[in-house]
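Scroll down for the structure; my scribbles are underneath it.
The values are calculated or read from the model by the stated rules, or taken from the named source; none is laboratory data. This is a predicted model, so every value here is computed, not measured. Here Cβ is always computed from backbone atoms with ideal geometry, including for glycine, and neighbour counts include all displayed protein chains. These area figures cover heavy atoms from the full protein model, side chains too; ligands, DNA and RNA do not enter into them. Shrake-Rupley method; radii C 1.70, N 1.55, O 1.52, S 1.80 Å.
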Amino acid sequence: MGAGHGHKLHFHGHSPVHRAPAHLKVLALLAFAVVVVATPRDAYALFAAYAVLLGVVIGVSRVPPTYLLKRTVVELPFVVFAVLLPFVATGPQTEVLGIGVSQHGLEAGIALLVKGTLGVLASLTLAATTEPQDLLVGLERLRVPQQLVQIMAFMVRYLDVVGGEMQRMRVARESRGFSARDPRHWPVLARSAGALFIRSYERGERVHLAMLSRGYTGRMPAEDSRPGVSGP
């Protein structure tokens, strides 16, 4: 995997959090996530303490908070679900701003929003302070199955390649006057997605054959994990 294929979530820095071993950061993230999920949903003081702890880690990492907040858009589906939950859940009713909602749904929605936000911010902090290559090496040290690590390595390596292919297909459609403005255009987008899948599958087959021709036996050479060494 080439060093030039770092993911866009990484924020270059030299803080103690950046320099910490990747496998220790992964363990810390898992422990933090388990503790947050296991916390009772009405323990707001503990959630506040977790937020303060996470804020301290972000401060030590010197990653701008706005850098992380802009990337929390990935949490949007959970936010929508948490907002709708008080209106669709059953049970005792309560009023919020003059609107009757389910009390259990409201509590569950707040808990989901708080726990999800803490988890997403912690994950983004890990991604912002850890290079993809270091993360993969850390997973190997944690004895994660080798095939799973390799799948993740190829995903990181070719994510930008597939993204670039999708961007070129979009430019080609727009250069021909196409613009997806209503559901009538969805079939065109579906055909584009199918073509992208076929191209990606064929590329994967070619890469696999190239690896086999170079002696691949199911395990990547150790030197391929080092930054600056390009894979197939």
Next on the checklist: Can you name every one of the helices (runs of 4 or more DSSP H) wholly within the stretch 95-178 that holds 3 or more residues which are under 20 Å from the mean Cα position of the chain (by Cα) and closer than 20 Å to Phe197 by Cβ?
Outcome noted: 146-175
Next on the checklist: Can you tell me which condition Ala89 does not meet? The list is (1) open to solvent by 20 Å² or more (accessible area, probe 1.4 Å); (2) modelled with pLDDT of 85 or more, and all the others hold.
Outcome noted: (2)
Next on the checklist: I'd like the full set of residues that are modelled with pLDDT of 85 or more, within 29 Å of Thr130 (Cβ to Cβ) and small (Gly, Ala, Ser), limited to the stretch 194-232.
Outcome noted: Ser200, Gly204, Ala210
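Rundown of residues vs (1) among the charged types (D, E, K, R); (2) over 21 Å from His12 (Cα atoms); (3) open to solvent by less than 70 Å² (accessible area, probe 1.4 Å); (4) not assigned by TED's automatic domain parsing to the domain that holds Leu27, yes/no style:
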| site | (1), (2), (3), (4) |
| --- | --- |
| Ala43 | no, yes, yes, no |
| Leu46 | no, yes, no, no |
| Leu54 | no, no, yes, no |
| Thr66 | no, no, no, no |
| Thr72 | no, no, yes, no |
| Leu84 | no, yes, no, no |
| Leu97 | no, yes, no, no |
| Glu107 | yes, yes, yes, no |
| Leu112 | no, yes, yes, no |
Checklist entry - Among all residue pairs at least 6 apart or on different chains, which show Cβ distances below 9 Å where the first residue, located in the stretch 174-196, is farther than 20 Å from Gly163 by Cα and the second is surrounded by 12 or more Cβ atoms within 10 Å (Cβ to Cβ)? => result His185/Phe178
Next on the checklist: Residue under question is Val101, and the condition is that it be at pLDDT below 90, closer than 28 Å to Val36 by Cα and either in contact with a Ser or Thr (Cβ under 6 Å, 6 or more places away or on another chain) or assigned by TED's automatic domain parsing to the domain that holds His23 (or both); does it hold?
Outcome noted: yes
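Give the residue, chosen from Lys70, Lys25, Lys8, that is part of a helix (DSSP H, G or I), closer than 18 Å to Gln133 by Cβ and charged (D, E, K, R).
Checking each option against the conditions leaves just Lys25.
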Checklist entry - Which condition does Pro145 not pass, out of (1) of a type outside the set (S, T, N, Q); (2) at pLDDT below 90; (3) open to solvent by less than 80 Å² (accessible area, probe 1.4 Å), if it passes all the others? => result (3)
